[in-house]
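Nothing in this text is a laboratory measurement; each read-out follows from the coordinates by a stated rule. All values reported here derive from a predicted model rather than from experimental measurement. Methodologically, a virtual Cβ is constructed for each residue, glycine included, from the backbone with ideal geometry; neighbour enumeration extends over all protein chains shown.
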Amino acid sequence: MMKIKSHLFIIAITALFISNNLFGQITSTEVDALVANAMEKFNVAGVAVAIVKDGKIIHKKGYGVKSIATKLPVDEHTNFEIASNSKAFTSAALSILVDEGKLSWKDKVRKFIPEFKMYNDYVTENFTIEDLLCHRSGLGLGVGDLMFFPDSTDFTIKDVVACFQYFEPASGFRTHFDYDNQLYLVAGEVIASVSGLSWETFIQKRIMEPLQMQNSFSSITQVKDMSLIAAPHSSESMTIKKISLYGAMVNGAAGGIVSNADDMAKWMLVQLNNGKYGTNLDKQLFTKERQSEMWAIHTVDDVNSNPRYNQHFNGYGLGWNLSDIKGNLSVSLTGGLPGMLSIVTMIPDLNLGIVILTNTENGGAGVFSAVSQTIIDSYLGLSDYGWVDKYAAYFQSQKNTGDDVTKKVWETVSKAKNITLKNEDLIGVYEDKWFGKIEIYSKGTQLWFKSYRSPKLNGPMSFYKANTFAIKWEYEDMNCDAFAMFSLDEDGKAQSIKMKGISPAIDFSYDFQDLDLQKIKN
């Protein structure tokens, strides 16, 4: 009897050892092969990967090229725009201020920004610092993002603070998850108001310098040697082409940081060490209490139905996505700008962190998803699921669906006849309360759209159907062509315009549907 118990005990301990160790010993050679396969399947120019485990950086490496033009190789120090992965730095910055007693998560936003105004008085008066970070404002997905997508607009933080009052809520306050960038910009302004430092300076001085993230920048404008940065690319047309770096917004709180695999590994280590850092973990960036708050679900979201991970919860904390994978907490965040896609994933129960930075749209999302999940599966002791092939099939299906829709639209445009709408009845200046003025005008016989405040949004308009025109933007870094639907008076003259994206795969930040353009001048 004792022998049997002893035998069972040994089996149990061995199984635990195998699941937590042997399966977890993914080698750098295996990571290299995994990334190479993913890059080929997703047609990506460059990738950087770092893995931390048990308090150490066990892998950091670059793959592919910074630019298809220069052919310079990516390494662990190559910088990428990390986009929304910047949000976790914003929540960490606010956590530092909470630790210092300079603000509370429950403080009202208007305490620091009196001019802040939401869509009704109750929400305005009760909107807290915490609410800025957890995507439960009641506003729709990506609301107001058109002020900064594409870049090079002239909107200010004052415009951002004022814009929310003009949107219709999509759900009840604090009842539903809808991802929002603009409120993070407000959070950046709160940091500036409380600390007396700009968001960029605070992040650089209070986070990057202590953690010795020596090659990272809180703004693209701080980068003096552009050869340090990977160039963004697009593979929308099946062949990779280099596109422009995304410029700075009013502050970087929603997506402005430039970093690399080596420095992001340091960022993951301080997260996995409950805010502690330094050679002997004798320094504290933020307290464990603050980390618990950042890693607590504030807004519940739908659970992943994939039985592979036996997931029970899913939601958003303060700057982090939170879920469970086979009984382990998963803390993650993704980021995306034109040609720059990234992911940070940590499994604190396994003391594991993975960062993947890429410089190609749309394939980068396929790479970071497939590679990160394959690495995680190896540490969980799960069998090979073929994530690269599964994601390749999924992304191709999504692309095919979007391509089919847009192809049919432009085929309809090319065959359009018997157009009853006249250019002179449509031209004029139109204005939206938050986006400002646009102009519809004639260039020869061609109708054109021009935004006054977002100069990259201009292009020819072609008749589609009924009262609707399709706009082909001169800006081509992202797939964001749009419909413009005119409302006419009894004389057939345009009075207003509503818009929406053409492709079902359009990035949610192109929130054309939120515009209400009213004619103010013929």
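List the equivalent ellipsoid semi-axes of the chain in whole Å, largest first, each obtained as the square root of 5λ for an eigenvalue λ of the Cα gyration tensor.
After scaling each eigenvalue by five and taking roots: 42, 28, 22 Å.
A 24 angstrom limit on the alpha carbon distance is what I want to check against. Which of K71/K224; K53/K224; K106/K326 exceed it?
K53/K224; K106/K326
Once R0 is set to 56 Å, what does the formula 1/(1 + (r/R0)^6) return for the Cβ-Cβ distance between E30 and E100, expressed as a FRET efficiency to the nearest 0.05?
0.80
Can you tally the net charge around E168? Count Lys and Arg as +1, Asp and Glu as -1, for every other residue whose Cβ sits under 14 Å from the Cβ of E168.
Spelling it out: positives minus negatives among the neighbours equals -3.
By how many nm would the segment from S383 to L329 lengthen if fully extended, with 0.36 nm per residue of separation less the alpha-carbon distance?
Here the answer is 17.5 nm.
Could you tell me which of the pairs K456/K500; K41/K472; K408/K493; K407/K498; K66/K205; K61/K266 are separated by over 20 angstrom between their Cα atoms in the structure shown?
In this structure, K41/K472; K408/K493; K407/K498; K66/K205 lie more than 20 Å apart at Cα.
Among T345, T239, T201, which comes first, then next, by fewest other beta-carbon atoms within 10 Å?
T239, T201, T345
Where Lys and Arg each count +1 and Asp and Glu each count -1, what net charge lies around K241 among other residues with Cβ under 10 Å from its Cβ?
Spelling it out: positives minus negatives among the neighbours equals -2.
Once fully extended, how much extra length lies between Q495 and A248, figured as 0.36 nm per residue of separation less the alpha-carbon to alpha-carbon distance?
85.4 nm
Pairing the Cα long axis of helix 387-415 with the longest principal axis of the chain, what angle in degrees results, from 0 to 90 and rounded to the nearest 10?
Computed tilt is about 0 degrees.
Work out, in µm²/s and without decimals, the Stokes-Einstein translational diffusion coefficient of segment 181-307 at 10 °C, 1.306 mPa s, Rh from Kirkwood over C-alpha pairs.
Translational diffusion coefficient: 93 µm²/s.
Subtracting the Cα-Cα distance from 0.36 nm times the residue separation, let me have the gained length for E431 to Q518 in nm, one decimal.
Length gained between E431 and Q518: 30.8 nm.
Which residues in segment 311-325 place their backbone N less than 19 Å from a point set 7 Å from the Cα of Y394 along the Cα-to-Cβ direction?
311-316, 321-325
In segment 415-521, if the dipole is taken from +1 on Lys/Arg beta carbons and -1 on Asp/Glu beta carbons about the Cα centre, which of I438, P504, A466 is farthest to the positive end?
A466
What is the percent of Cα-Cα separations in segment 238-336 that go past 17 Å?
66 percent
May I ask you to evaluate 6.51 cos²θ - 1.76 cosθ + 1.60, the Karplus curve with θ = phi - 60°, for each residue of segment 106-122 and list the ³J(HN,Hα) values in order in whole Hz, giving x for glycine and proline?
8, 4, 6, 4, 5, 4, 9, 10, x, 7, 4, 9, 9, 6, 8, 5, 4
Roughly how many nanometres apart are two label points built 7 Å out from the Cα toward the Cβ at T239 and Q214?
Taking the simple label geometry, T239 and Q214 are separated by 4.2 nm.
If each of Q222 and A416 carries a label point 7 Å out from its Cα toward its Cβ, how far apart are those two points in nm?
The answer from the label model is 4.7 nm.
Pull up the DSSP beta bridges for the chain and report the antiparallel fraction as a percent, rounded to 5.
95 percent
Could you tell me, in Å, what Rg and Dmax come out for the Cα atoms of segment 415-521?
Radius of gyration, then largest Cα-Cα span, for segment 415-521: 13.0, 39 Å.
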